[in-house]
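**Q** Structure below; questions to follow.
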Amino acid sequence: MKALMRRSPRPYDMEVVEAPLPLLQGPDWVRIKVAYAGVCGGSDIKLMKAEAGEGAKLKPPIILGHEFSGTVEEVGEEVTLVKPGDLVTVDTLIAPCGHCRYCHSGDWNMCGSRKGVGSSFPGGFAEYFAGPQANLHRLPPGLPLSVGALAEPMSCAVHIVHDQGRVQVGERVVVIGPGIIGLCCAMAAMAAGARVVVIGTPRGAERLAAARGLGCKTLVNTEEDLPALVCEAFDGQLADLAIDAIGSNQAVGMALPLLRKMGRLVIGGVPFPKTDPYQVDMGLVYRNQLSITAGRSSRPDDWPLALQILDRYRRQAEGLIGGYFSIDRWREAFDATISKQMLKAMIRF
Ligand SMILES: [Zn+2]
Ligand SMILES: [Zn+2]
């Protein structure tokens, strides 16, 4: 089968190769014929550029791709959760130890021995994928496979907004950065009954238009008095919850003054390559008793909710996909992602 492989520890050493068909390595394993695999503007670009060993996440040679959907083709003899023909997406955290405190609490993303599909376990930029049935989630009936491939970024958004942000009905949420994670966070917050303002750059006008298409209000980060504008958008109140969907010190600096007293900030990422240590106005954090936390990857139980949200926003979610590429044209898909020409570039098999 054709597969996009990160071949060696050398940065940018990527190529489409002819790889062996993945085998079922246990009676509970399933083989999927991959339909769509999204290019991740965060991890996939990092995994292309990173030295292996950096953060120890990348284990080349490895097939990349962690945002994908497909059709179940073959199942092991002990598989009970899916059958051939089912349309599924794949949770990217694999082989958690099962007995550490984080596994016990369902926080697989914090387990020290977990592997990541598409970084240390063969991923979805390939015609076929094989893995344990516990990692599969069936798509809601009628959900297109292309939208199903957005389940991974949406599950990260659910983790940010719900698990870490603890969003409540009626709350006011500010999302900084109208990229795919930011827009997924906006959908997750609105589906929970929150009101959302999305803040972007003047260059990201199309992305802000997409945010308005979801039902959010939008602001541009060059405006003079952002806290006053946020208050105006929220009937005189500052935000209960802010989300840094960019992963930068600048976004954190912008977010904190937009929060009411006792408000919460969730950071959804950090810069790559690493920059100087963050400068944060701890005086403001102290005076207003703000909480700052992070949302990294997702928990297994974020996935069913992520699929429900995608089902509800089916049409808008499909609109976030900017273009489809064959695996042989992966470079164009990566370039369109890096240049921000597309919110989501999809490899189609
Ligand atoms: Zn991703
Ligand atoms: Zn564990």
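**Q** Tell me which residues, restricted to the stretch 183-240, are within 21 Å of the chain's Cα centre (by Cα), of a type in the set (Asp, Glu) and modelled with pLDDT of 95 or more.
**A** none
**Q** Report the residue count in the stretch 88-105 for those that are part of a loop (DSSP other than H, G, I, E, B) and either of a type in the set (D, E, K, R) or within 8 Å of ligand 2 (Cβ to nearest atom) (or both).
**A** 6
**Q** Which condition number does Glu67 fail, the rest of (1) surrounded by fewer than 24 Cβ atoms within 10 Å (Cβ to Cβ); (2) within 24 Å of Met187 (Cβ to Cβ); (3) of a type in the set (D, E, K, R); (4) in contact (Cβ under 8 Å) with a residue 60 or more places away in the chain being met?
**A** Glu67 satisfies every listed condition except (1).
**Q** Within the stretch 132-142, identify whether any single residue is more than 16 Å from ligand 2 (Cβ to nearest atom), over 15 Å from the mean Cα position of the chain (by Cα), modelled with pLDDT of 95 or more and part of a helix (DSSP H, G or I), and answer yes or no.
**A** So far as the stretch 132-142 goes, yes, one or more of its residues are more than 16 Å from ligand 2 (Cβ to nearest atom), over 15 Å from the mean Cα position of the chain (by Cα), modelled with pLDDT of 95 or more and part of a helix (DSSP H, G or I).
**Q** With the requirement that a residue be away from ligand 1 (no atom under 16 Å from the Cβ) and polar (S, T, N, Q), what does the stretch 8-57 give you?
**A** Within the stretch 8-57, Ser8, Gln25 meet the criteria.
**Q** What number of residues in the stretch 81-100 are modelled with pLDDT under 95 and either small (Gly, Ala, Ser) or more than 16 Å from ligand 1 (Cβ to nearest atom) (or both)?
**A** Final tally of qualifying residues: 4.
**Q** Can we say Gln289 is at positive phi, surrounded by fewer than 20 Cβ atoms within 10 Å (Cβ to Cβ), polar (S, T, N, Q) and without any contact (Cβ under 8 Å) to a residue 60 or more places away in the chain?
**A** Judged against the criteria, Gln289 is a match.
**Q** Go through Asp107, Asp91 for me and flag whichever is charged (D, E, K, R) and in contact with a Pro (Cβ under 8 Å, 6 or more places away or on another chain).
**A** Asp91
**Q** Right, next: Residues to consider are Arg331, Arg299, Arg315; find the one that is free of Cβ contacts under 8 Å to residues at least 12 places away in the same chain and not assigned by TED's automatic domain parsing to the domain that holds Leu136.
**A** Arg315
**Q** Here is a check on your reading of the model: is Gly131 in contact (Cβ under 8 Å) with a residue 40 or more places away in the chain and within 16 Å of ligand 1 (Cβ to nearest atom)?
**A** Considered against the rule, which asks whether it is in contact (Cβ under 8 Å) with a residue 40 or more places away in the chain and within 16 Å of ligand 1 (Cβ to nearest atom), Gly131 comes out as no.
**Q** Across the stretch 101-114, which residue is nearest to ligand 1 (Cβ to nearest atom) among those that are free of Cβ contacts under 8 Å to residues at least 24 places away in the same chain and of a type in the set (D, E, K, R)?
**A** Once the filter is applied, the top-ranked residue is Arg114.
**Q** Which residue is surrounded by the fewest Cβ atoms within 10 Å (Cβ to Cβ), if the candidates are limited to the stretch 15-59 and must be in a strand (DSSP E or B), over 22 Å from the mean Cα position of the chain (by Cα) and hydrophobic (A, V, I, L, M, F, W, C)?
**A** Among those residues, the one meeting the criterion is Val17.
**Q** Also, I was wondering about something else. Tell me which residues, restricted to the stretch 160-178, are at negative phi and surrounded by fewer than 24 Cβ atoms within 10 Å (Cβ to Cβ).
**A** His162, Asp163, Gln164, Gln168, Val169, Glu171
**Q** Something else now. When you go through (1) in contact with a strand residue (DSSP E or B) (Cβ under 7 Å, 6 or more places away or on another chain); (2) surrounded by fewer than 20 Cβ atoms within 10 Å (Cβ to Cβ) one by one for Gly295, which number turns out not to apply?
**A** Going through the list (1) in contact with a strand residue (DSSP E or B) (Cβ under 7 Å, 6 or more places away or on another chain); (2) surrounded by fewer than 20 Cβ atoms within 10 Å (Cβ to Cβ), Gly295 breaks only (2).
**Q** Next question, about the same structure. Criterion first (within 16 Å of ligand 2 (Cβ to nearest atom) and under 19 Å from Asp13 (Cα atoms)) does Ser120 satisfy it?
**A** Taking the combined requirement at face value, the residue satisfies it.
The values are calculated or read from the model by the stated rules, or taken from the named source; none is laboratory data. Here the structure is a predicted model, which is why all the values come from computation and not from measurement. Here the Cβ is made from the backbone with ideal geometry for all residues, glycine too, and neighbour counts use every protein chain on show.
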